[in-house]
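Quick notes on the structure that follows.
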Amino acid sequence: MDRVRKEILRTIEEYDLIEKGHHVILGLSGGPDSVCLFDILERERTKGEFTLSAVHVNHMLRPGDAEKDQAYVENLCKARGVKLTSFVVDCHREAEKRGMTDEEAGRVVRYESYAKAAVKSGIPRERIRIAVAQNADDQVETVLFRLMRGSGTDGLSGMSFFRLDEWGNGIIRPLLRVRKKDIVEYCREKGLEPCIDRTNSETEYTRNRIRHMLIPFMEENFNENVAEAVLRLSEAASGDRDYFRAEAAKFMEEHTVSESCGRVVIDGKALRDIHPALRRRVMAAACARAGLKQDLNFIHYRALDGILESDSPSARADLPHGFYMCRIYGDVMFASETAEGNGKETRFSPCACDYEKAAEVFGDGWETRVVTRERRPGDFIRIKGGGRKKVQDLLVDMKVPKAFRDRVRVTACGSEALAVVTDDKTVRYTAMYKPDESTKKVIYVEINTVI
């Protein structure tokens, strides 16, 4: 089965998955897929191009078998001189704690364990590659699974050969072009004797039903080469996805109005003028920059299109996980509710007030009555020329999004604002009480922390 090795090495070279100087952390379950990949990578590392270690996660879901799998992996790594880090995690308990299925919790725990091992290695993140052993059959199941859930065309691309996880580690999948039957045959020829997870033959999980029921039915009744057809679809969709992502990134580069923690503002006219296919990718990219990287579906994109076309200058649509999109007059903003309260130390130029001039309006000792609070109905601020403007009207003039106006804070004496703080970039001070040649006492109003 030298062609399995050649296919894996071709994939690694074509997608630049492993380069000279990299350290590869392999997720080693003990099953045929990961053992096959382990055997090939372990043999290749002797050429000195990269180093190798392994991580095993005991999910504690199969008492007895799980311990045997861990022992097998430990013995295999010891025999080959590969450093192994083992994690033992009660995934059923984790599933209950996180509100997930056991299967979902297992996946989360595995990637968390890989990330911990990467940190523990002390190797710079840019030199680390975390290798996982999904194969071509897994890719077929993923595409069919997403298709049945109503995925868009990007979802039909399936799993990527390379991606970054949420910690910035490079995840690689060198086996994605290799069929399961060829992997099993490789292990047999090499005498590897991997562990067999008997739960893989059960049909409790949706993926197992796809593997053991749906695909065989399609092969028998429609197309005996249906797996190859799905893989071709995946490859075509992947090419389209990569092209549109590149175009979306270019659009974002040219039309992002502003960007801060948990908040991205895009030129609304430019966004409306592009083709809907590209617009959806731009929306996804904007959401990702704001922090929402998953769980967007076609219904959400339709809602976003509706907001974009709305006549309301402050229309809003809620998205998963506390995110939303809203109009800011001609522009559109993608933002997180939770990120908006995370303030940071920021220092603005202070505002000097003539104490006596202010005392004529507020009374003696007025400085002791100055407070910083949320804005209230009736709040106003003095403007140039001696007039006054309602804070509400000021915020409209400043084009502060409606969604943010209730979080605006004022430093005020009674209903008169001396300072209005809108975000970490904007503060508006009173235009009155400016010191002059006759000033004897000055009170400074200074904002140095933004909520």
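Here are a few things to note about the model shown:
- Filter result (over 18 Å from His255 (Cα atoms) and either in contact with a Leu (Cβ under 6 Å, 6 or more places away or on another chain) or open to solvent by 20 Å² or more (accessible area, probe 1.4 Å) (or both)) within the range 322-335: Gly322, Phe323
- Enumeration of residues in the range 356-384 that are touching a Lys or Arg at 6+ places or on another chain (Cβ under 9 Å), of a type in the set (Phe, Trp, Tyr) and in a helix (DSSP H, G or I): Phe362
- Residue that is in contact with a Phe, Trp or Tyr (Cβ under 6 Å, 6 or more places away or on another chain), surrounded by 14 or more Cβ atoms within 10 Å (Cβ to Cβ) and assigned to a strand (DSSP E or B), where the choices are Val257, Val264: Val264
- The set of residues in the range 15-35 that are over 28 Å from the mean Cα position of the chain (by Cα) and under 21 Å from Ala117 (Cβ atoms) comprises Gly30, Gly31, Val35.
- The residues of the range 309-321 that are in a helix (DSSP H, G or I) and either open to solvent by 30 Å² or more (accessible area, probe 1.4 Å) or among the acidic types (Asp, Glu) (or both), listed by number, are Glu309, His321.
- Tally of residues being out of contact with any strand residue (DSSP E or B) (no Cβ under 8 Å at 6 or more places or on another chain) and free of Cβ contacts under 8 Å to residues at least 40 places away in the same chain across the range 41-71: 9
- Ala270 vs. criteria closer than 19 Å to Thr256 by Cα, touching a His at 6+ places or on another chain (Cβ under 6 Å) and modelled with pLDDT of 85 or more: yes
- The range 426-442 - residue that is open to solvent by less than 40 Å² (accessible area, probe 1.4 Å) and within 18 Å of Glu416 (Cβ to Cβ) and, of those, nearest to the chain's Cα centre (by Cα): Val427
- Evaluation of Thr153 against (1) farther than 25 Å from Val109 by Cβ; (2) without any contact (Cβ under 8 Å) to a residue 12 or more places away in the chain (one fails), failing number: (2)
- Residues considered: Asp138, Asp165. Of these, the only one that is of a type outside the set (Gly, Ala, Ser) and closer than 22 Å to Thr199 by Cβ is Asp138.
- Search result, residues across the range 1-20 that are under 14 Å from Arg129 (Cα atoms) and in contact with a helix residue (DSSP H, G or I) (Cβ under 6 Å, 6 or more places away or on another chain): Ile18
- Some residue of the range 294-308 being part of a helix (DSSP H, G or I), without any contact (Cβ under 8 Å) to a residue 60 or more places away in the chain, under 20 Å from Asp331 (Cβ atoms) and touching a Cys at 6+ places or on another chain (Cβ under 8 Å): yes
The values are calculated or read from the model by the stated rules, or taken from the named source; none is laboratory data. Remember, predicted model here, so these are calculated numbers, not experimental data. Quick reminder, even Gly has a Cβ in these numbers, built from the backbone with ideal geometry, and neighbours come from all protein chains shown. In case anyone asks, the SASA skips ligands and DNA or RNA and just uses the protein heavy atoms, side chains included. Shrake-Rupley method; radii C 1.70, N 1.55, O 1.52, S 1.80 Å.
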